[in-house]
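No lab work stands behind these numbers, since they all come straight from the coordinates. These numbers were taken from a predicted model, which means no experiment stands behind them. No Cβ is skipped: glycine too gets one built from the backbone with ideal geometry, and neighbour counts run over all protein chains shown.
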Amino acid sequence: MTKRNKSMVQRRLIPSYIFLIIWSFISVFPLFWMITAATNNTVDISRGRIWFGTAAAENFQKLLAAQPLWKSMGNSFIYSIAQTILCLLICSLAGFGFELYADKAKDRLFAFLLLAMMIPGVATMIPLFTMISKMGMLNSVWGFILPQIATPFMIMMFRQNSRNFPAAIMEAARIDGQSEVGIFFRQYMPIMRSTYAAAAVITFMNAWNAYLWPKVVMTDNKAQTMPMLIANLAAGYTIDYGVLMMGVLFCSIPTMLVFFILQKQFAEGITGSVK
């Protein structure tokens, strides 16, 4: 390609670059505004100030005085990590079985399972609360995670990605005398680690950001999560927006870290890549 052709191609790409720059700015600006708002007081935020202020320490102290920040964050970590681990284990086992074992009824069972994706979560809220209450699991880790440790979406995701799992590895492992459980833990899990990473990001973010179900099942303030803490900050007659945005910032940091750490594996897992 000549220099003239290269320059023509580059000129054609200028509108695309401009569009991407503008769209990137629009996407990043709310995050930037959240961070700067956490350093300003309510008056500056109301006036539309979008640069860093000097009230970060004051907002943080007010947040600690108004709500049990560390307790709520600890609760969210415990609930989210427990739900993520159990959901990955159960859903990957289900996806492994649905795809890699032959059975005439499995497709009909899987189709019935997918019907559950059509049912709104709020439709099952009252029955679930009744069950959890009768089992004495209110204000507990199990009460939080039990309805979400096996979701149709995650089972479908693992099943679809399991189609890329080499069947020859299973046959070789069986010849070597490994059990089916051993094949799952020693061959399947290491090979499907990209899928596990993608599922871990989705599950952790869903658990961390969950609000409606924890609000229903967590009746004690000592068991509240970070989204519940944010809702409490915004529930007063007068809202201190600086403190509110400081709480939102603390609530957002863990999910951002999880995504940035696992973003490469997340992209590979979503596209069905197998390592």
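Per-structure values
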{"quantity": "Under 18 Å between alpha carbons - lysine pairs in the chain that sit 8 or more apart or on different chains", "calculated": "5"}
{"quantity": "Entry for P(r) over Cα pairs in 5 Å bins from 0, in percent (calculated from the structure that is shown) out of (1) 1, 5, 10, 14, 17, 17, 14, 10, 6, 3, 1, 0, 0, 0; (2) 1, 5, 9, 11, 13, 12, 12, 11, 9, 7, 5, 3, 2, 1, 0, 0; (3) 1, 6, 12, 17, 20, 18, 14, 8, 3, 1, 0, 0", "calculated": "(2)"}
{"quantity": "Gyration tensor verdict on segment 8-144 (Cα atoms; rounded if a/c is under 1.5, prolate if a/b is larger than b/c, oblate otherwise)", "calculated": "oblate"}
{"quantity": "Highest to lowest packing among 209-221, 107-119, 25-37, scored as the average C-beta count within 10 Å", "calculated": "209-221, 25-37, 107-119"}
{"quantity": "Theoretical FRET efficiency, 1/(1+(r/R0)^6), r = Cβ-Cβ of Met256 and Thr54, R0 35 Å, to 0.05", "calculated": "0.90"}
{"quantity": "Distant-in-sequence amide H partners of Thr39 (H built 1.01 Å from N, under 5 Å)", "calculated": "Gly53"}
{"quantity": "For the chain, calculated [θ]222 nm from helices alone, where every DSSP H run of n ≥ 4 adds -39500 (n - 2.57)", "calculated": "-22500 deg cm²/dmol"}
{"quantity": "Cβ-Cβ FRET estimate between Leu89 and Trp33, R0 fixed at 45 Å, reported to 0.05", "calculated": "0.70"}
{"quantity": "Virtual spin-label span in nm between Ile18 and Asn139, 7 Å along Cα→Cβ", "calculated": "6.1"}
{"quantity": "Max mean-square fluctuation residue, GNM over the chain, Cα-Cα springs under 10 Å, options Thr54, Thr151, Thr42", "calculated": "Thr54"}
{"quantity": "Calculated FRET efficiency for the pair Lys106/Asp176, C-beta based, R₀ 30 Å, to 0.05", "calculated": "0.70"}
{"quantity": "Ordering of 238-245, 11-18, 192-199, 129-136 by packing [mean C-beta count within 10 Å, highest first]", "calculated": "192-199, 238-245, 129-136, 11-18"}
